[in-house]
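Everything below concerns the one structure shown next.
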Amino acid sequence: MKKELQLIHLFVLVCELYDKRKHTCFQRLSNNASPGGITDPELVTIYFFGLLHQRFEKKAIYEFIQTYWLEYFPKLPAYQTFVARLNRLESTFQSLGAELQERLRVESLPEIDRVIDSMPVMLARGGHAYSAVVAREGLPDVGYCASKKLYFYGVRLHTIAQRRSGQLPSPQQIWMREGSCHDVRSVKEQAPALPNTTLIGDSAYADAEFESKLARQGSKLYTPRKKPKGKELSRIEKHYNRCVSRLRQPIEGFFNWLNDKTDLQNASTVRSEDALMIHCFGKLAFAYLLLVFNP
């Protein structure tokens with residue numbers, strides 16, 4: 001598809017989504033438009049179009065539009081105004097993401113298997129994690145990413161996704177917690193409804209209380225067996241762990257795809273709580289758009 005048609009198609013999709021969710025998209029945004037200025041649907045289209053072309057930061061998106069696509073957005077404001085307007089669209093991106101998530105849920109195959117995991121969104125990492133001073137007024141704090149073996153300053157993105165044969169899993173529930181929040185604590189406090197489900201996670205979710213709660217919903221949790229202190233796992237336990245690892249691999253594939261398409265994990269240029277919310281919810285809404293429409 002030519003880029004011009006791609007942009008027009010994307011704008012039409014955004015306008016359609018706005019029409020479906022206008023009661024929430026516009027509810028809190030009466031002060032976010034200026035007469036004769038650029039509209040919120042145009043701002044969302046610009047953001048999505050920039051991400052579609054691998055411009056992952058606001059400045060790169062703005063320069064991309066200003067350099068190559070200004071004729072389509074003649075009312076593009078100055079960069080500072082563009083950022084300020086975009087940073088007020090948190091509820092809009094959440095609403096658009098919810099509409100797309102619902103469409104994806106309807107289209108998904110009726111499989112009962114779910115995978116669960118978390119991914120860090122890092123404002124700073126390594127030795128800079130403890131000295132970071134940005135976005136201190138909200139969720140971000142210092143946590144540890146076991147898979148990367150590093151400390152980071154930021155938040156955790158927790159995801160429960162439905163497995164789909166031969167496809168990326170369909171994210172059913174996504175929520176954010178502070179970086180220091182342990183995975184099992186987060187899911188227990190989130191209290192998601194998971195009736196009649198097979199839930200597959202890593203060893204971080206091995207918790208008797210959590211398993212008991214799932215059992216009361218008619219659900220079963222599968223996590224790897226932990227190596228007993230001073231002992232080795234049996235051959236059967238090792239085989240079981242390999243099976244669980246294969247079954248939960250799709251959630252890792254989803255996170256890799258998400259980072260490839262949005263660079264969500266890297267939030268090193270974020271400087272405020274509002275900007276962090278747009279970084280997360282804006283990119284998640286775009287990811288849902290790709291999963292549903294692939295524009």
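Please go through the range 252-295 and pick out each residue that is among the β-branched types (Val, Ile, Thr), surrounded by 15 or more Cβ atoms within 10 Å (Cβ to Cβ) and modelled with pLDDT under 95.
The first filter runs over the range 252-295 and keeps only residues among the β-branched types (Val, Ile, Thr), leaving 262, 269-270, 278, 292.
When the remaining residues are screened for being surrounded by 15 or more Cβ atoms within 10 Å (Cβ to Cβ), the result is 262, 270, 278, 292.
If the condition is that a residue be among the β-branched types (Val, Ile, Thr), surrounded by 15 or more Cβ atoms within 10 Å (Cβ to Cβ) and modelled with pLDDT under 95, then VAL270, VAL292 are the ones that fit.
Per-residue answers, yes or no, for (1) open to solvent by 50 Å² or more (accessible area, probe 1.4 Å); (2) under 28 Å from LEU290 (Cβ atoms):
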site: SER165; (1), (2): yes, yes
site: PRO171; (1), (2): no, yes
site: SER186; (1), (2): no, yes
site: GLN190; (1), (2): yes, yes
site: ALA193; (1), (2): yes, yes
site: ASN196; (1), (2): yes, no
site: TYR205; (1), (2): no, yes
site: GLU209; (1), (2): yes, no
Task: Failed condition for HIS158, given (1) open to solvent by less than 10 Å² (accessible area, probe 1.4 Å); (2) outside any strand (DSSP E or B); (3) closer than 22 Å to ALA124 by Cβ - done: (2)
Open item on the list: If I go through the range 162-181 residue by residue, how many of them are part of a loop (DSSP other than H, G, I, E, B) and either hydrophobic (A, V, I, L, M, F, W, C) or under 23 Å from ARG246 (Cα atoms) (or both)?
Closed with: 8
- [ ] Pairs only if they're at least six apart or on different chains, beta carbon under 8 angstrom, first in the range 224-243 and charged (D, E, K, R), second assigned to a loop (DSSP other than H, G, I, E, B) and surrounded by 10 or more Cβ atoms within 10 Å (Cβ to Cβ); list them, first residue then second.
- [x] ARG225/LEU233; LYS226/ALA206; LYS227/LEU233; GLU237/ARG225
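Would it be correct to say that THR269 is within 11 Å of the chain's Cα centre (by Cα), within 19 Å of GLN54 (Cβ to Cβ) and of a type in the set (Val, Ile, Thr)?
Numbers: within 11 Å of the chain's Cα centre (by Cα): no; within 19 Å of GLN54 (Cβ to Cβ): yes; of a type in the set (Val, Ile, Thr): yes.
Judged against the criteria, THR269 is not a match.
Is the range 58-67 home to any residue that is part of a helix (DSSP H, G or I), at pLDDT 95 or above and open to solvent by less than 10 Å² (accessible area, probe 1.4 Å)?
yes
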- [ ] Go through the range 122-155 and give me each residue that's of a type in the set (A, V, I, L, M), in contact (Cβ under 8 Å) with a residue 40 or more places away in the chain and in a strand (DSSP E or B).
- [x] MET122, LEU123, ALA124, VAL155
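The values are calculated or read from the model by the stated rules, or taken from the named source; none is laboratory data. Keep in mind that what you see is a predicted model, and the values were worked out from it rather than measured. Cβ atoms come from the backbone with ideal geometry, glycine included; neighbour counts cover every protein chain shown. SASA here: full protein model, heavy atoms, side chains in, ligands and nucleic acids out. Shrake-Rupley method; radii C 1.70, N 1.55, O 1.52, S 1.80 Å.
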